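Here, each number is a calculation from the coordinates, and none is a lab measurement. Bear in mind that the values here come from a model prediction, so they are computed numbers and not experimental data. Glycine also receives a Cβ, built like all others from the backbone with ideal geometry; neighbour counts cover every protein chain displayed.
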Amino acid sequence: MPMLDGKDDITTVSGFYVRPEYRNLGVGGKLFKMAVGEKLDLHKNVNLNAVMTMSKWYESRYGFKVYASAPNTTFQIPIENISAEMCVSLYKERLKVLDAEGLRIVDVEEVADEALIDYDRTVITVDRSVYLPVWLRRKDAFTKVCVDSGGTVRGFACLRVVSGKRLLYSPIFASNKICAEALSLATIKAVPNLQDFTKVIYGSNGENLAIDDVIFLAYDLQRWAIAEGDYEALKEGFRGNFIMHVARDKESKKVVGFVLVGTQFTFDAEEISTGCCFLVRAEYRKQKIGAKLYQLATEEKLRAGKNMSLMADLSMMETYASRGFKVSSPKPYHSFKLYTRDISNLNALCEGAIQHLLSERVEIVDVESVLDEALSAFDRTVVEVDRSAFTPVWLRRPDVFSKICVDADGKVLGYACLRQVAGRRLLYSPIFAKDKEVARALVLATLMSVPSLDTFSEVFACCTAENTSIREIISSVTDGRFQEAVGIQKMFSIRQIEWDSSQVFALTSFGCVCL
């Protein structure tokens with residue numbers, strides 16, 4: 001399609017599919033090259049919606065290096081969960097609001113092509129003047145339009161009938177949320193014999209998810225270690241391989257549950273996806289919301305035989321094992337909690353640790369003075385997963401306290417990241433270090449870097465059973481006053497990812513990473 005600003009046309013790939021039994025024969029590659037090979041060779045702009053697990057393949061194979069700022073999110077509503085009476089009631093409520101604003105919902109036949117096109121140009125920079133009227137007026141779709149008193153279009157929704165007796169929104173554009181809700185309800189109401197279909201599907205761009213609602217939910221339930229900066233960091237650090245599934249109350253619209261899933265790859269290109277922050281409000285847990293979120297997060301990966309990991313409460317391990325997570329770390333992980341009021345002699349301890357390192361021609365520096373490549377090179381000595389996109393973003397985010405240990409040649413020997421999480425608490429995420437002395441200096445340096453440390457309540461760290469040296473380090477700054485618990489264990493669907501436990505002093509227990 002042509003661009004409104006006169007730049008090169010944009011080509012879109014859609015409906016790219018090959019039967020599974022033919023996928024090892026090069027059929028997909030041949031079709032793809034036939035469709036857009038010439039465009040790519042000429043460096044023309046081509047876009048596509050990639051399945052999360054294929055994004056890196058498209059990037060490395062065909063040069064699709066530019067990602068949307070957030071993954072698209074799909075919502076599926078079983079038809080049996082849709083009440084016709086409720087739709088009518090909600091629709092009437094939305095119409096009252098629209099009427100007060102001088103807006104109304106009409107059939108697409110009542111709207112001129114030019115009015116549809118004029119609105120479309122306020123949403124997207126592509127010239128869709130030929131395509132759009134044809135798409136919205138097709139006979140196998142239910143289309144509604146929101147207009148003001150002067151006939152200016154303020155939004156439209158197109159609900160298509162697709163395979164499997166499903167209904168798919170394609171698309172919903174609207175000037176505001178009330179308009180979008182009214183259009184959604186109006187199109188559903190327009191479907192005759194709605195119960196003959198199986199589900200309604202919405203696809204939303206990632207920017208339109210209310211991440212603030214998720215953060216507030218996690219903050220409200222203080223024990224969940226999620227931070228305000230996590231979503232942006234994960235989205236950027238996973239380069240198109242991060243997704244968030246959200247459950248909302250139908251009436252209040254508040255978020256009542258969510259799960260985050262990120263996908264990384266080993267250096268042998270083996271996929272490893274990790275689910276984290278799987279949370280549902282207690283009062284909603286009997287409604288099987290958790291089961292649905294779990295299904296959305298894991299079903300496709302497990303069915304395809306991909307390796308997944310999660311951090312399981314010990315009481316849930318049997319349940320997760322029955323659902324496909326049959327491999328677990330050798331022993332449960334240890335969690336440590338100390339109160340900031342118990343931290344003493346921090347200045348002297350930190351100075352002593354730093355001087356000891358300097359005598360070995362090693363120093364602690366800020367992350368700004370270290371190259372991304374140096375961080376990634378160290379990561380490769382710790383874990384077999386490619387963290388080159390994730391680690392620099394995670395350590396450089398503005399809402400964490402990160403310190404790096406380097407030798408005289410600038411080689412990284414370790415790093416520590418201290419995150420601010422719910423309830424004015426601090427969580428180590430992670431501490432990787434060449435040895436205990438480096439880890440000790442990093443712990444002390446990150447604590448020293450926190451302004452007004454005493455305004456935070458607690459500091460947490462989680463470590464593997466194979467390396468509990470963090471216990472001794474924490475003990476040294478609190479005179480032995482800390483709490484230790486064993487309550488979680490790492491689980492995998494296929495195999496445990498390999499890492500060097502001697503260099504893992506604390507791990508990112510919440511963060512969509514396998515370590």
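Structural remarks
- Counting every other Cβ atom within 10 Å of each residue's Cβ, M311, M86, M317 order from fewest to most as M86, M317, M311.
- Sites matching chymotrypsin sites (Phe, Trp or Tyr not before Pro) across region 314-370 that sit in DSSP coil, with at most 15 neighbouring C-beta atoms within 10 Å: none
- Electrostatic dipole magnitude of region 272-427 [Cβ: Lys, Arg +1; Asp, Glu -1; Cα centre; debye, to 20]: 1160 debye
- Selection from L453, A389, L349, by position along the positive dipole direction of the chain (Cβ): A389
- Amide H within-cut-off set for E384, under 5 Å, with H built and near neighbours excluded: E498
- Here, the chain is characterised by an Rg to Rh ratio of 1.02, where Rg is the alpha-carbon radius of gyration and Rh the Kirkwood radius.
- Pairs of lysine residues in region 236-302 that meet both criteria, 8 or more places apart or on different chains and Cα atoms under 16 Å apart, total 4.
- Cleavage-rule hits, chymotrypsin sites (Phe, Trp or Tyr not before Pro), region 132-180, DSSP coil, Cβ neighbours within 10 Å at most 15: none
- Derived scalar couplings ³J(HN,Hα) [region 24-30; Karplus, 6.51 cos²θ - 1.76 cosθ + 1.60; whole Hz; x for Gly, Pro]: 8, 9, x, 5, x, x, 5
- The GluC sites (Glu not before Pro) found in region 229-315 that occupy coil by DSSP, while having at most 14 further C-beta atoms within 10 Å, are E251.
- Calculated FRET efficiency for the pair L194/T468, C-beta based, R₀ 60 Å, to 0.05: 0.55
- 0 to 90° range, to nearest 10: angle between helix 289-303 axis and the chain longest Cα axis: 90 degrees
- Total charge dipole magnitude, the chain, about the Cα centre, Cβ charges on Lys, Arg, Asp, Glu only, Debye to nearest 20: 1600 debye
- Positive contributions from Lys and Arg (+1) and negative ones from Asp and Glu (-1), summed over other residues with Cβ under 11 Å from the Cβ of V367, come out at 0.
- Listed by chain and number, the aspartates and glutamates whose C-alpha is less than 14 Å from the C-alpha of K326, apart from same-chain residues fewer than 8 away, are E318.
- Pair D313, E93: separation of 7 Å Cα→Cβ label points (nm): 3.2 nm
- Take each peptide in 422-431, 486-495, count the other Cβ atoms within 10 Å of every residue, and average; sorted highest first, the result is 422-431, 486-495.
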